[in-house]
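The values are calculated or read from the model by the stated rules, or taken from the named source; none is laboratory data. This is a predicted model, so every value here is computed, not measured. In this analysis, Cβ positions are derived from the backbone assuming ideal geometry, glycine residues included, and neighbour counts consider all displayed protein chains.
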Amino acid sequence: MPLVARVAALLTGLMMATPTLAQQQPNTNDGTVRSTHGAWSIVCDTPAGAADEQCAMMQNVVADDRPEVGLSVVVLRTADNEAEILRVLAPLGVLLPNGLGLNVDGEDIGRAYFVRCFQDGCYAEVILEDELLETLGNGESATFIVFQTPEEGIGIPVDLDGFDEGFAALP
């Protein structure tokens with residue numbers, strides 16, 4: 001399993017067991033926290049069989065009114081350094097066809113569709129193009145929205161403090 005999936009799975013499991021851990025700095029055996037930038041941590045590891053270390057910028061969050069619903073938000077560069085990806089791990093049980101909504105500072109940015117589910121949750125991911133990077137970097141807060149029914153969205157706040165700084169520090 002790739003580094004991001006392993007770290008996200010472990011952190012999501014910890015977060016679901018103890019919601020207050022979402023505000024604490026991650027500390028896992030699957031990766032080393034290299035630096036912290038505002039609300040974001042850079043986590044690095046060398047996966048088994050890989051020649052090079054892989055790093056990701058991460059934040060783990062829970063819904064204010066639903067502590068059992070949490071997300072792992074991960075930013076990483078592709079192995080060929082050609083693109084950056086925003087990957088979000090949502091818990092099992094979310095309604096997949098509605099996708100994952102995103103608002104930044106109250107403005108609707110759009111939806112990303114879930115690409116796959118594993119035993120640790122379901123992943124949505126998008127390429128971080130310049131416009132989205134600028135929006136996230138200039139924003140103060142984001143809200144990711146997961147759905148349990150077609151009508152019921154659960155907003156999960158993500159602090160954008162340190163996003164630009166962390167992104168610049170991402171190897």
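Have a look at 96, 89 and point out the one that is touching an Asp or Glu at 6+ places or on another chain (Cβ under 9 Å), modelled with pLDDT of 90 or more and hydrophobic (A, V, I, L, M, F, W, C).
Details: 96 fails: touching an Asp or Glu at 6+ places or on another chain (Cβ under 9 Å).
On inspection, the qualifying residue turns out to be 89.
Out of the stretch 127-171, which residues are part of a strand (DSSP E or B), in contact (Cβ under 8 Å) with a residue 60 or more places away in the chain and closer than 16 Å to residue 56 by Cβ?
So the first thing to find is which residues in the stretch 127-171 are part of a strand (DSSP E or B), and the list is 127, 141-147, 153-159.
Filter again for in contact (Cβ under 8 Å) with a residue 60 or more places away in the chain, leaving 144, 146, 154-159.
Scanning the stretch 127-171 gives a single hit, 158.
Quick one: is residue 62 modelled with pLDDT under 95, within 15 Å of residue 39 (Cβ to Cβ) and buried (at least 19 other Cβ atoms within 10 Å of the Cβ)?
Details: modelled with pLDDT under 95: yes; within 15 Å of residue 39 (Cβ to Cβ): yes; buried (at least 19 other Cβ atoms within 10 Å of the Cβ): yes.
Answer is yes for this residue.
Just to be sure before I move on: is residue 115 under 15 Å from the mean Cα position of the chain (by Cα) and farther than 24 Å from residue 149 by Cβ in the structure I sent? First the steps, then the outcome.
Numbers: under 15 Å from the mean Cα position of the chain (by Cα): yes; farther than 24 Å from residue 149 by Cβ: no.
No: the conditions fail for residue 115.
For every residue, the table says whether it meets (1) in contact with a strand residue (DSSP E or B) (Cβ under 7 Å, 6 or more places away or on another chain); (2) farther than 16 Å from residue 42 by Cβ.
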| residue | (1), (2) |
| --- | --- |
| 62 | yes, yes |
| 74 | yes, no |
| 79 | no, yes |
| 96 | yes, yes |
| 116 | yes, yes |
| 143 | yes, yes |
| 149 | no, yes |
| 156 | yes, yes |
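Looking only at residues in the stretch 119-171 that are of a type in the set (D, E, K, R) and surrounded by fewer than 14 Cβ atoms within 10 Å (Cβ to Cβ), which one is farthest from residue 54 (Cα to Cα)? Steps first, answer last, please.
Step one: filter the stretch 119-171 for residues of a type in the set (D, E, K, R), giving 120, 125, 129-131, 134, 140, 151-152, 159, 161, 164-165.
Checking which are surrounded by fewer than 14 Cβ atoms within 10 Å (Cβ to Cβ) leaves us with 129-131, 134, 140, 151-152.
On the way: 129: 21, 130: 22, 131: 25, 134: 24, 140: 27, 151: 38, 152: 36 Å.
By that ranking, first place goes to 151.
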